[in-house]
Amino acid sequence: MIDARASPATQAQQTAVPSSANLEINTDEIMQWIIDLRDPTKRELALLELSKKRDSVPDLPLWLWHSFGTMSALLQEVVAIYPAIMPANLTAAQSNRVCNALALMQCVASHRETRGPFLHAHIPLYLYPFLHTTKISRSFEYLRLTSLGVIGALVKTDDKEQLLVVINFLLSTEIIPLCLRIMEQGTELSKTVATFILQKILLDDTGLLYICQTYERFSHVAMILGKMVMKLTREPSVRLLKHVVRCYSRLSDNPSLTLDARVAQGGAGQNVKVRAQQALKQCLPDQLKDLTFKTLLKEDPSTMNWLRQLLTNLEIDGAILHDEELLPK
């Protein structure tokens, strides 16, 4: 998953082993900052300090979730800026403050013991108004990106049982159309996180069946992925191409999967079954078959492997499959 707020220094903190004395001092400080979240006059500084430490304190999600009034304080920060997003007059200071609160929510959403309760409390729904925003400014982009990070943290788990609960929840909401709009209109980083979320949903059988339940859903996803491929020809990104190809590959996985489509016939509508693989084959961009992305694919052999699988599934003999520099070693 992509953490928009992480830095090399933060990553270094994760691997550092603090002394017991330092750990004790840090624990005392962190506990005081958590207490300070309940005090509106001290909350801004506490949010800032805790968000800086969130990657270096493994138990922070548990402390945040189980401490009195903490999650309510974080929700207060989220709800407090609703008036600033419509009409759109969010300031940089407001954005930074609420994003610190969202970073702590992401911390809670990523922990195996707090992910479930966080989800059952329906806290992600409070972030959807931020994902609905379309204004192009640093403040709003930062807000959308950090909100996506919370959703991304929910789906980034290897626990299949937990993941199924997360995906069933997300499918009952509007997360897919929200992600698709960001995939079409967002910055590269927002597109990458939104596409990662869609990819995780698709990789689960429940999510794949949901997307392929109707031709309309399937075609909407395929259309947005196609637009992203076109954009990638102008603005290349190895990371984004990887997620796009992985989504395409997953859509091609099941040869027996069919879509429910409605066609006009004799003045009336009629339901027909359309094979998902056939529908995907008809709309797959030529740029994924020819040598358009050769340079990017040379940098990332795993993406080339997924593309090879995609074209094999669809029985497409593209030029990219025969380039000597990209052949399997």
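Quick rundown of the values:
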| read-out | value |
| --- | --- |
| Qualifying residue in region 257-280 (condition: in contact (Cβ under 8 Å) with a residue 12 or more places away in the chain, assigned to a helix (DSSP H, G or I) and of a type in the set (D, E, K, R)) | no |
| Count of residues meeting criterion [loosely packed, with under 14 Cβ neighbours inside 10 Å and closer than 12 Å to Gly69 by Cα] in region 24-39 | 1 |
| Qualifying position, being over 22 Å from Asp290 (Cβ atoms) and surrounded by 18 or more Cβ atoms within 10 Å (Cβ to Cβ), among Val221, Val244, Val165, Val229 | Val221 |
| Subset tally (residues that are surrounded by fewer than 22 Cβ atoms within 10 Å (Cβ to Cβ), under 15 Å from the mean Cα position of the chain (by Cα) and not acidic (Asp, Glu)) for region 201-218 | 1 |
| Residue in region 17-24 that is in a helix (DSSP H, G or I) and either of a type in the set (A, V, I, L, M) or at pLDDT 95 or above (or both) present | yes |
| Single unsatisfied condition, Asp55 versus (1) assigned to a helix (DSSP H, G or I); (2) within 20 Å of Arg115 (Cα to Cα) | (1) |
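The values are calculated or read from the model by the stated rules, or taken from the named source; none is laboratory data. It should be emphasised that the depicted structure is a prediction, and the values quoted were computed from it without experimental measurement. Don't worry about glycine lacking a Cβ; one is built from the backbone with ideal geometry, like all the others, and counts go over all protein chains shown.
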